[in-house]
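The values are calculated or read from the model by the stated rules, or taken from the named source; none is laboratory data. Everything quoted here is computed from the prediction, not taken from an experiment. Don't worry about glycine lacking a Cβ; one is built from the backbone with ideal geometry, like all the others, and counts go over all protein chains shown. Note: areas computed on protein heavy atoms with side chains; ligands, DNA, RNA excluded. Shrake-Rupley method; radii C 1.70, N 1.55, O 1.52, S 1.80 Å.
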Amino acid sequence: MTNFFKKLMGALIISISLLMPTNASAQDGQIEFILDWVPNTNHTGLYVALEKGYFEEAGVDVTIRRPPEGSTTELVGLGQAQFGISFQDSLATRLAGGLPVTAVATIVEHNTSGIIAREDSQITMPVEMEGHTYGTWNDPIELGMLEHIITSEGGDYSQVELVPNQADNSIVGLANSMFESAWVYYAWDGMMAENQGVSTNFFYFRDYAEELDFYSPIIIANNDYLANSPEEASKVVQAIKHGYQYAIENPEEATDILLQHAPELEGQREFVLASQEWINERYTSDPTNWGQIEEERWNAFYKWLYESELTEVDLTQESYFTNEFLGE
């Protein structure tokens, strides 16, 4: 997904949505949850909650929808859906612009994204990216993080050759020598590389800058909905939490549930199960606390964004997340 396309689709959705009535209060009893992308192991707990009847047991009617590309955060903020999936990094510009959404849970406890590189590039750490190509979405925060980890290790960011990442996914780009390195989330792209026999090296952003251990992906909700329907919101979030807890304990069954909702993954059960088993160990270190967001770590990332002039608003001055809907 290119950054240009994300911006274009975001602008189109905002334009269209401003002409539409909002439905944040779920007056017809139907609660909309919009994914960020095609179904993958970030979403397994949602489908487990649906198929195991956790939403029904809680007395809430939740529909999980695939997104119009690049639009989930805007749709939730504009009241066209009650819940959706976003990312703390990309959420920053929306929050700075006043979009009324709040993070109500993190799906994965720590940032599992980082730099993947073709093994033959011999890139194993940030400074070794000098003189090599990097496939970029040309997102200011993406490039800011890359420059941060390279310069903090004594490297020269200007020596990295930036090329557009226009591949269907970064593993395709690596395999076809479109670039030598890219930013990925290991649970999906890293496991895909392993499954397809693409030899790679990988390192996490958080291993080189603790302030880059941000929350991603996260579940967001519309602020008006949370204010008007807090009990219903709690039921939804806690049913989702139950879904992820079940997936952690039952990776084989959870994988099959996910595959029921992802026909494009037909014939790829081995890869999806490997991804599920990998991410199950990273959803949370303590399943009873799945979804919890720590204020210090949340603010550390936004403090870095502000001090790096990647956002004009100091997002640490207001609270944009809550753990109150997660229950015990």
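The table that follows gives values for the structure above.
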| quantity | calculated |
| --- | --- |
| Given charges at Cβ of Lys, Arg, Asp, Glu: the chain dipole, positive-most of Gly291, Tyr215, His261 | His261 |
| Per residue solvent-accessible surface (Å²) - the chain, probe of 1.4 Å | 44 Å² |
| DSSP bridge pairs, the chain: antiparallel proportion in percent, nearest 5 | 60 percent |
| Computed magnitude of the charge dipole of the chain (debye, nearest 20; Cβ of K, R +1, Cβ of D, E -1) | 780 debye |
| Reachable aspartates and glutamates, given that their alpha-carbon falls under 20 Å from the alpha-carbon of Lys235 and they are not under 8 places away in the same chain | Asp28, Glu32, Glu51, Glu56, Glu57, Asp61, Asp224, Glu324, Glu328 |
| With every protein chain in place, the stretch 117-224: carbon and sulfur % of accessible area (1.4 Å) | 40 percent |
| Accessible-area value, Met178, 1.4 Å probe, nucleic acids and ligands omitted, Å² | 90 Å² |
| Size of electric dipole in the stretch 239-328: Cβ of Lys, Arg +1 and of Asp, Glu -1, about Cα centre, debye, nearest 20 | 100 debye |
| Solvent-accessible surface (1.4 angstrom probe) belonging to His110, in square angstrom, nearest 10 | 70 Å² |
| Cleavage-rule hits (chymotrypsin sites (Phe, Trp or Tyr not before Pro)) in the stretch 33-70: DSSP loop, at most 16 neighbouring Cβ within 10 angstrom | Trp37 |
